[in-house]
Amino acid sequence: MTDSLDPVVAKFVDALNSGDRQAFYALLTDDATMSDDGNDRDLRQWTESEVFGSDGRMDVESVSDGGRSLVANYTNSRWGSMRTAWRFTVSGDRISRFETGQA
């Protein structure tokens, strides 16, 4: 399923799933922002808590919007597994914003 993702979004998913902080943060613009369930969050704080600090993993279920939106089963050690929606704003070869929330 990840083969239909925008190439930058595919790298984001791969970096997240492999726990590769360096690759993950390298994909984000310096001023990147994010929201969770419609609320803007501190990107690094959220990512450290919900992804890297809790072994976050994303199993992509469906892709839309030219590969820049997806639905995934997201699992981490903090919340367990949930169906989530993700939308990405891609600027060149990096992500300037992502939004996630329960699907």
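Listed here are the residues, each with its yes/no results for (1) in contact with a helix residue (DSSP H, G or I) (Cβ under 8 Å, 6 or more places away or on another chain); (2) in contact (Cβ under 8 Å) with a residue 40 or more places away in the chain; (3) not charged (D, E, K, R).
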position: Ser4; (1), (2), (3): yes, yes, yes
position: Asp14; (1), (2), (3): yes, no, no
position: Leu27; (1), (2), (3): yes, yes, yes
position: Leu43; (1), (2), (3): no, no, yes
position: Arg57; (1), (2), (3): yes, yes, no
position: Val60; (1), (2), (3): yes, yes, yes
position: Ser64; (1), (2), (3): no, no, yes
position: Leu70; (1), (2), (3): yes, yes, yes
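Give region 19-35 a look and list any residue that's surrounded by fewer than 16 Cβ atoms within 10 Å (Cβ to Cβ) and within 22 Å of Arg83 (Cβ to Cβ), or say none.
Within region 19-35, Gly19 is the sole residue that qualifies.
If you scan region 37-47, which residues turn out to be in a helix (DSSP H, G or I), in contact with a strand residue (DSSP E or B) (Cβ under 9 Å, 6 or more places away or on another chain) and more than 12 Å from Thr100 (Cα to Cα)? Walk me through it before giving the result.
Pass one, region 37-47, residues in a helix (DSSP H, G or I): 43-47.
After this cut, where a residue has to be in contact with a strand residue (DSSP E or B) (Cβ under 9 Å, 6 or more places away or on another chain) as well, the list is 43, 46-47.
Scanning region 37-47 gives no hits.
Phe52: touching a residue at least 40 places away in the same chain (Cβ under 8 Å), in contact with a Lys or Arg (Cβ under 9 Å, 6 or more places away or on another chain) and among the aromatic types (Phe, Trp, Tyr), yes or no?
no
Does Ser96 satisfy the condition of being closer than 18 Å to Asp6 by Cβ, outside any helix (DSSP H, G or I) and more than 12 Å from the chain's Cα centre (by Cα)?
Criteria not met by Ser96.
Is it fair to say Phe12 is at pLDDT 95 or above, surrounded by 14 or more Cβ atoms within 10 Å (Cβ to Cβ) and outside any strand (DSSP E or B)?
yes
Please specify each residue of region 15-29 satisfying the condition of being in a helix (DSSP H, G or I), farther than 20 Å from Asn73 by Cβ and not small (Gly, Ala, Ser).
Arg21, Gln22, Tyr25
Quick one: in region 48-85, which of the residues that are within 11 Å of Thr100 (Cβ to Cβ) and among the β-branched types (Val, Ile, Thr) is surrounded by the fewest Cβ atoms within 10 Å (Cβ to Cβ)?
Result: Val71.
The values are calculated or read from the model by the stated rules, or taken from the named source; none is laboratory data. This structure is a prediction, so every number in the text was calculated from the model and none was measured. As a convention, Cβ positions derive from the backbone with ideal geometry for all residues, glycine included, and neighbour counts pool all protein chains shown.
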